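> Structure below; questions to follow.
The values are calculated or read from the model by the stated rules, or taken from the named source; none is laboratory data. Worth saying up front: this structure is predicted, and the values here are computed from it rather than measured. Cβ placement follows ideal geometry from the backbone for every residue including glycine, while neighbour counts extend to all protein chains displayed.
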Amino acid sequence: MRRGAILLTIFAGLVFFWIVISAVSYVAPWQSLKGNQQFPTALAFERALHAHWIVDLILASALVALLQAFNANVVASSRLLYAMGRRNLLDQRMARGHPKNQTPSTAIITVGIATALAMLLGEAGLVPILEVGALAAAVGWMSACVAYWRMRPNLRGRAAAAFGLLVTGLMVLVKVVPLVPGHFTRYEWIALAIWIVLGVLITLPVSGTYRQSQQRILIEELRNGTRPSRS
């Protein structure tokens, strides 16, 4: 049941974007949408229907979708920081939970403060961050596909993992290959370099603790005979 709901969500999103893209390409020629116009999708529907209410409807829908994506990212990123804190990949204070609500309070506050500060950067700062975030998401999905492949699933699972690797690999190439439209500009590369430096600075103080914890886990698994075989 849960797997069916996940697949339904994925395909519903695909159908939605397919309908929107097809509708825009049908109601307005692409030449009329070129330029520096804001919200070309809404303008295309306004020209087709000769009414302004469709613009308000599209912008309201975009606002709701933006709040949904924002809420999902806050939940996911705070739990990610919490999990990394528990694994000693970050400062262990990130693993603190609220005694009453049982929520990762420190991670949530950290994400909230970082989000509030990032909003002050404006469009010039947020666009490169979003572009780098898209690349990071593709790398994350690629890592998940590799991890699933390493779990030695059945043939169907391996095919899904291979397809995921292909798609995410193409997503990465779209951003890093200069010949592809929409590739990284100088500002995106600067944002990526800053991102990498921040990641190193954050994880460097706890890298020794993480290695020690992994050694303890390995010794415990070998002692109990629970370490899985690589054969």
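> Of the conditions (1) modelled with pLDDT under 85; (2) in contact with a Pro (Cβ under 8 Å, 6 or more places away or on another chain), GLU123 satisfies every one except a single condition; which number is it?
Checking GLU123 against (1) modelled with pLDDT under 85; (2) in contact with a Pro (Cβ under 8 Å, 6 or more places away or on another chain), the one that fails is (2).
> Something else now. Can you tell which of LEU67, LEU57 is assigned to a helix (DSSP H, G or I) and either closer than 22 Å to ALA116 by Cβ or of a type in the set (Asp, Glu) (or both)?
None of the others qualify; the one that does is LEU67.
> Here is a follow-up. In the stretch 185-192, is there at least one residue being modelled with pLDDT of 90 or more and under 15 Å from the mean Cα position of the chain (by Cα)?
Checked against the condition, which is being modelled with pLDDT of 90 or more and under 15 Å from the mean Cα position of the chain (by Cα), the stretch 185-192 yields at least one hit.
> Looking at VAL200, is it in a helix (DSSP H, G or I) and either among the hydrophobic types (A, V, I, L, M, F, W, C) or modelled with pLDDT of 80 or more (or both)?
Criteria met by VAL200.
> Also, I was wondering about something else. Please verify whether the stretch 24-36 includes one or more residues that are among the charged types (D, E, K, R) and either at pLDDT 85 or above or surrounded by 11 or more Cβ atoms within 10 Å (Cβ to Cβ) (or both).
Within the stretch 24-36, none of the residues are among the charged types (D, E, K, R) and either at pLDDT 85 or above or surrounded by 11 or more Cβ atoms within 10 Å (Cβ to Cβ) (or both).
> Please go through the stretch 99-146 and pick out each residue that is surrounded by 12 or more Cβ atoms within 10 Å (Cβ to Cβ), more than 17 Å from the chain's Cα centre (by Cα) and within 18 Å of TRP195 (Cβ to Cβ).
THR110, LEU121, GLY125
> Sticking with this one: Would it be correct to say that LEU192 is free of Cβ contacts under 8 Å to residues at least 12 places away in the same chain and assigned to a helix (DSSP H, G or I)?
no
> Can I ask one more? Please enumerate the residues belonging to the stretch 134-159 that are in contact with a Phe, Trp or Tyr (Cβ under 9 Å, 6 or more places away or on another chain) and either outside any helix (DSSP H, G or I) or without any contact (Cβ under 8 Å) to a residue 12 or more places away in the chain (or both).
Restricting attention to the stretch 134-159, the residues satisfying the condition of being in contact with a Phe, Trp or Tyr (Cβ under 9 Å, 6 or more places away or on another chain) are 135-136, 145, 157-158.
GLY157, ARG158 - these are the residues of the stretch 134-159 that are in contact with a Phe, Trp or Tyr (Cβ under 9 Å, 6 or more places away or on another chain) and either outside any helix (DSSP H, G or I) or without any contact (Cβ under 8 Å) to a residue 12 or more places away in the chain (or both).
> When residues of the stretch 147-161 are filtered for being hydrophobic (A, V, I, L, M, F, W, C) and surrounded by fewer than 13 Cβ atoms within 10 Å (Cβ to Cβ), how many remain?
First, pick out the residues of the stretch 147-161 that are hydrophobic (A, V, I, L, M, F, W, C): 147, 149, 151, 155, 159-161.
With surrounded by fewer than 13 Cβ atoms within 10 Å (Cβ to Cβ) added as a condition, the list becomes 147, 151, 155, 159.
Number satisfying all stated conditions: 4.
> Here's a follow-up. Select from the stretch 45-72 the residues that are among the aromatic types (Phe, Trp, Tyr) and surrounded by 13 or more Cβ atoms within 10 Å (Cβ to Cβ) and list them in ascending order.
Filtering the stretch 45-72 for residues among the aromatic types (Phe, Trp, Tyr) gives 45, 53, 70.
Hit for the stretch 45-72 is PHE45, nothing else.
> Do we have SER207 as under 25 Å from ALA76 (Cα atoms), of a type in the set (Ser, Thr, Tyr) and within 20 Å of the chain's Cα centre (by Cα) here?
For SER207, the condition - under 25 Å from ALA76 (Cα atoms), of a type in the set (Ser, Thr, Tyr) and within 20 Å of the chain's Cα centre (by Cα) - is not met.
> Which of the residues spanning the stretch 176-193 are surrounded by 13 or more Cβ atoms within 10 Å (Cβ to Cβ) and of a type in the set (A, V, I, L, M)?
VAL176, ILE190, ALA191, LEU192
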